[in-house]
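Where a number appears in this text, it was derived from the coordinates with a stated rule and is not lab data. For clarity, every value in this text was computed on a predicted model and none was experimentally measured. Quick reminder, even Gly has a Cβ in these numbers, built from the backbone with ideal geometry, and neighbours come from all protein chains shown.
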């Protein structure tokens, strides 16, 4: 049964090519969201988009390395141009690094 709470919304899923991220992207698309699938893994990203489209959903892939500030800015600008808005952000990227709160990290870390 489709609930429809995300119908017509634009969802950006970071880290969407496997596991929890892929499941979230596919679920949001099934529920009617347009999904921006993002990850560093291009082939897997295209597979996720194809899976969503075959199921009747709307999705597009962007290669994104969240450790690169300029790439993040470029990709988010492209997503906004493509879909006209962004309603939902799922930050599912995993980065191994310094063990401290995110807001205290420097760009280099």
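Dividing the summed helix terms, -39500 (n - 2.57) for each DSSP H run of n ≥ 4, by the number of residues in the chain produces a 222 nm estimate of -11500 deg cm²/dmol to the nearest 500. Modelled label positions at residue 2 and residue 109, each set 7 Å beyond Cα in the direction of Cβ, lie 4.5 nm from each other. The separation of segment 72-109 from segment 19-34, counted between C-alpha centres, amounts to 18 Å.
I need the Kirkwood Rh of segment 10-94: take the reciprocal of the average 1/r across all distinct C-alpha pairs and report it in angstrom. Mind dumping the intermediate values first?
Numbers: mean 1/r = 0.0818 Å⁻¹.
One over the average 1/r among Cα pairs gives 12.2 Å for segment 10-94.
Inter-label distance, residue 98 to residue 23: 3.3 nm, where each label sits 7 Å from its Cα along the C-beta direction. Output the 0 to 90 degree angle, nearest 10, between the alpha-carbon long axis of helix 69-83 and the longest principal axis computed from the alpha carbons of the chain. Once rounded, one gets 20 degrees. Taking segment 7-24 and a reference point 7 angstrom along Cα→Cβ of residue 47, the backbone N atoms nearer than 15 Å belong to 16-23. The protection proxy used here, the mean number of other Cβ atoms lying within 10 Å of each residue, ranks peptides 99-108, 39-48 as follows, highest first: 39-48, 99-108.
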